[in-house]
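I have placed the structure first, in the form of structure tokens, so that the comments after it can refer back to it.
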Amino acid sequence: TQLLEQSPQFLSIQEGENLTVYCNSSSVSSSLQWYRQEPGEGPVLLVTVVTGGEVKKLKRLTFQFGDARKDSSLHITAAQPGDTGLYLCAVRRAGAQKLVFGQGTRLTINP
Amino acid sequence: NAGVTQTPKFRILKIGQSMTLQCAQDMNHNYMYWYRQDPGMGLKLIYYSVGAGITDKGEVPNGYNVSRSTTEDFPLRLELAAPSQTSVYFCASSYTGVGSYTFGSGTRLTVV
């Protein structure tokens, strides 16, 4: 069974600050996805990373996939209240047809 | 451009009652999934389907059943509702087994 740990579980910071959240897997993953979920809605895909060491940027969000493809980080620069939500990482093992989700990081950005 | 549609949005069931959660997608996706989300626990896979007529169990299938008679629809059946099934249920779909998921907006179920 693949274990997927996200940290921290909760994070509350002020608008304008920077932050990093982490996703660590017990096994190598063929790909890793980050989703954001707002209250009352389903998760929405932010990014998919597939290559060890890969870095992707989405405006103020920077995603990195570890060289060994077992961990990932999400860095937000100058956080805004609109970034508030539950951030979920999900991994797919080679040959698997389904994603395994972490428990999420609940992020609150205070104005 | 509906995407994945789930009904109902909210439901309260009494212990022992049964119900069907509906999920429909209009994107011609082959793969469909049912997850439940408990507070602070992320998403756990209940059942999934790789195409019409094919279903398979996920991590937490006990107490649930599914069917996939068409590409578009993937209903989830609860037969004898129990308080442990109180949760938010999400349906998702993807075009391939390695693609990203499109989620519905969820069904919040309370069993009392």
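The values are calculated or read from the model by the stated rules, or taken from the named source; none is laboratory data. Remember, predicted model here, so these are calculated numbers, not experimental data. Cβ coordinates were reconstructed from backbone atoms using ideal geometry, including for glycine residues, and neighbour counts include every protein chain displayed. These accessible areas exclude ligands, DNA and RNA; they are computed on the full protein's heavy atoms, side chains included. Shrake-Rupley method; radii C 1.70, N 1.55, O 1.52, S 1.80 Å.
Per-residue shielding of B:46-52, expressed as the average number of other chain Cβ atoms within 10 Å of the residue Cβ, stands at 1.
Estimate the FRET efficiency between B:Ala82 and A:Ser30 by the formula 1/(1 + (r/R0)^6), using the beta-carbon distance for r and 35 Å for R0, to the nearest 0.05. Could the numbers behind the result be given before it?
On the way: r = 36 Å, r/R0 = 1.02.
E(calc), rounded to 0.05, equals 0.45.
Residues in the stretch B:4-95 average 47 Å² of solvent-accessible surface per residue, probe 1.4 Å, ligands and nucleic acids excluded. In this assembly, the A-B interface accounts for approximately 1500 Å² of buried accessible surface in total, computed with a 1.4 Å probe and without ligands, DNA or RNA. Once the Cβ-Cβ distance of B:Asp38 and B:Ser67 is raised to the sixth power relative to R0 = 25 Å, the FRET efficiency obtained is 0.55.
Across the stretch B:4-95, Cα pairs under 8 Å and at least six residues apart give a relative contact order of 37 percent.
From the alpha carbon centroid of the stretch B:30-63 to that of the stretch A:8-81 is 23 Å. Averaged over the residues of B:83-96, the number of partner chain Cβ atoms lying within 10 Å of the residue Cβ comes to 1.
Remark: spin-label model distance A:Thr84-A:Val50 equals 3.6 nm, labels positioned 7 Å along the Cα→Cβ axis.
State, as an integer percentage, the relative contact order of chain A based on alpha-carbon contacts under 8 Å between residues 6 or more apart. The partial results should precede the final answer.
Numbers: 284 pairs, mean separation 39.4, N = 111.
Reported relative contact order: 35 percent.
Taking a point 7 Å from the Cα of A:His75 along the Cα-to-Cβ direction, the residues of the stretch A:2-28 with backbone N closer than 12 Å to it are A:18-21.
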